[in-house]
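This report concerns only the one structure given below.
No lab work stands behind these numbers, since they all come straight from the coordinates. These figures come from a predicted structure and were not determined experimentally. Every residue, glycine as well, gets a Cβ built from its backbone with ideal geometry; the counts of neighbours run over all protein chains shown.
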Amino acid sequence: MDFKFSPEEEAFRQEVRAWVKAEVPPRWYELDPGLWEETDESWALLRDFQRKLGQKGWLAPAYPKEYGGSEMSHIRRLILSEELYYHRAPVGIEMEISVNWVGGAVLLFGNDQQKKKYLSEVARGESCFCLGYSEPNSGSDLASIQTRAVEDGDSWVINGQKTWCSFAHYANYCWLGARTDPSAPKHRGISMFIIDMKTPGITVKPLINILGCHSFNEVFLDDVRVPKDALVGERNQGWYQLAMALDYERSLIGTAAANQRLIEELIEYAREGRASATADHEGQLIRDELAELVVENEVLRMMCYRIAWMYSKGLHPSYESSMSLLFSSDLLRRIAKVGMRVLGHYGEVGPGSHLAVAKARMMRTYLSCLSIGVGGGTNEIQKNIVAMRGLGLPRQQ
Ligand SMILES: Cc1cc2nc3c(=O)[nH]c(=O)nc-3n(C[C@H](O)[C@H](O)[C@H](O)COP(=O)(O)OP(=O)(O)OC[C@H]3O[C@@H](n4cnc5c(N)ncnc54)[C@H](O)[C@@H]3O)c2cc1C
């Protein structure tokens with residue numbers, strides 16, 4: 001692996017940085033929504049910005065040109081991602097869902113018509129997806145989903161209930177897993193569909209998250225009739241598509257850059273002598289912990305680079321993505337914990353108060369990071385994947 005970026009890649013980084021500085025509306029930074037904190041206003045700014053990214057060919061940079069991408073190398077895609085996340089541009093999970101997780105799977109399994117329609121819409125920033133995976137009784141054991149899709153003439157009729165669907169209240173489409181052969185072993189009777197969220201029979205109900213925000217939803221499907229071509233790929237082969245889409249979901253490459261910004265802000269705060277150390281030994285502890293976070297984030301950066309490098313070589317990261325997600329979710333929790341210690345009581349002050357530090361970002365991170373080791377599969381599930389796919393250990397009976 002070559003750890004150095006070429007002069008052209010460094011120039012590209014500068015170009016992205018300047019563009020982000022010029023194009024992110026100041027109102028976005030005033031609102032400063034963190035992960036899972038979208039409001040109608042921040043959502044509108046986010047979609048506007050993503051349309052601008054789309055016009056530059058930077059929203060879905062690795063897509064083929066015929067689907068609105070710019071066939072950008074994966075290393076440049078990494079640089080773009082680092083700059084967007086470091087500068088807290090209006091991008092986040094909702095963009096990842098549509099462009100990389102669903103888009104990545106559609107690119108592999110969709111037919112020409114589906115790729116043309118959905119990938120092009122996503123790449124232009126016109127449409128976005130939500131994920132219809134989890135159900136009230138199926139989370140980690142995703143293969144046990146009970147939502148049914150039954151063929152009826154020239155349609156599929158879908159009935160069931162999905163839960164924790166992030167941004168389903170804004171999404172145009174749902175990438176949905178449903179059982180199409182109840183008599184087959186559970187992994188072999190699932191198919192994947194793309195359904196229009198405006199289809200009659202779909203009801204979306206809000207679930208309020210730990211931050212008091214509406215980010216995820218329950219989605220009820222009652223006799224939802226969708227055309228035959230809503231099916232993606234082969235019937236009953238959906239488990240394979242789900243597994244690939246989940247690998248993409250676990251392959252976030254901008255996380256180290258986002259963390260770096262948080263850690264730098266903490267260091268700055270401590271440097272100014274504002275850290276809440278009441279005794280000498282506490283000051284030493286904070287120094288040690290901040291130094292440790294910097295080292296650990298460099299480890300995470302290498303994991304992100306490894307994933308980008310694997311994509312650039314045409315390889316598909318699998319357990320490597322789980323390793324990275326596992327490490328990054330643990331690390332973000334440590335950053336938030338140290339951050340709360342550095343800020344002391346100021347860390348507990350809510351964003352509305354004049355005493356809040358940086359709009360209470362650390363407190364909001366402290367709360368939201370609890371969900372990072374759950375979404376996309378819990379930390380225990382990532383460990384199982386690393387053990388089985390990475391280390392070749394047997395599945396536990
Ligand atoms: C912020 C956030 C966003 C989300 N967005 C979406 C979304 O957009 N769409 C969607 O479909 N879902 C979404 N989810 C749901 C998420 O995928 C599930 O919550 C997750 O897969 C865990 O499932 P569960 O909640 O049913 O927990 P369970 O599966 O019931 O797990 C409970 C506990 O048991 C442990 N456990 C279960 N099985 C095993 C095992 N085999 N080995 C060891 N431990 C095990 C788990 O680690 C966990 O600690 C989201 C979740 C969060 C937190």
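Using just the C-alpha positions of segment 250-390 as equal point scatterers, what log10 of I(q)/I(0) does the Debye formula give at each q in 0.17, 0.19 1/Å?
Reported log10 I(q)/I(0), two decimals: -0.92, -1.06.
For a quick check, take a GNM of the chain with Cα springs below 10 Å and name the residue from Ile210, Ile158, Ile194 with the largest mean-square fluctuation.
Maximum among the listed residues: Ile210.
Post the alpha-carbon centroid distance, segment 340-397 to segment 63-108, in whole angstrom.
23 Å
From the backbone phi of segment 236-253, what are the Karplus-calculated ³J(HN,Hα) couplings (6.51 cos²θ - 1.76 cosθ + 1.60, θ = phi - 60°) in whole Hz, Gly and Pro given as x?
My calculation for segment 236-253 gives 6, 9, x, 4, 5, 5, 4, 4, 5, 4, 5, 4, 4, 4, 8, 9, 4, 9 Hz in order.
Of Met388, Met197, how do they rank once you tally other Cβ atoms within 10 Å and put the fewest first?
Met388, Met197
Put +1 on the Cβ of every Lys and Arg and -1 on every Asp and Glu Cβ in segment 7-91; which of Gln55, Ser42, Tyr85 then has its Cα farthest towards the positive end of the dipole?
Of the listed residues, the answer is Gln55.
Can you sort Val91, Val338 so the residue with the fewest Cβ neighbours within 10 Å comes first?
Going from least to most buried by this count: Val338, Val91.
Using alpha-carbon pairs under 8 Å, 6+ residues apart, how would you state the relative contact order of segment 88-144 in percent?
Taking the mean separation of contacting Cα pairs over the length of segment 88-144, I get 35 percent.
Restricting to Cα pairs below 8 Å that are 6+ residues apart, what does the relative contact order work out to for segment 250-390? Please round to a whole percent.
Here the relative contact order equals 29 percent.
Could you calculate the FRET efficiency of Ala291 with Arg13 from 1/(1 + (r/R0)^6), where r is the beta carbon distance between them and R0 is 25 Å, rounded to 0.05?
Result of the calculation: an efficiency of 0.45.
I need Lys21, Lys4 ordered by Cβ neighbour count within 10 Å, fewest first.
With the fewest neighbours first, Lys21, Lys4 line up as Lys4, Lys21.
Which entries of Lys205/Lys337; Lys115/Lys383; Lys21/Lys52; Lys117/Lys198; Lys52/Lys116; Lys4/Lys383 show an alpha-carbon separation above 24 angstrom in the structure shown?
In this structure, Lys205/Lys337; Lys115/Lys383; Lys4/Lys383 lie more than 24 Å apart at Cα.
For the chain, with a Gaussian network of springs between Cα atoms less than 10 Å apart, report the residue from Ala123, Ala230, Ala44 with the top mean-square fluctuation.
Its mean-square fluctuation being the largest, the pick is Ala44.
Please work out the C-alpha center-to-center distance from segment 1-27 to segment 153-208 and express it in whole Å.
38 Å
In debye to the nearest 20, how big a dipole does the chain give about its Cα centre with +1 on each Lys and Arg Cβ and -1 on each Asp and Glu Cβ?
380 debye
Which of the trypsin sites (Lys or Arg not before Pro) across segment 199-238 are loop residues per DSSP, with 16 or fewer other Cβ within 10 Å?
Arg235
Quick check: the angle from helix 74-86's long axis to the longest principal axis of the chain, C-alpha only, nearest 10 degrees?
60 degrees
Of Gly376, Gly273, Gly34, which is the most mobile in a GNM of the chain whose springs link Cα atoms less than 10 angstrom apart?
Gly273
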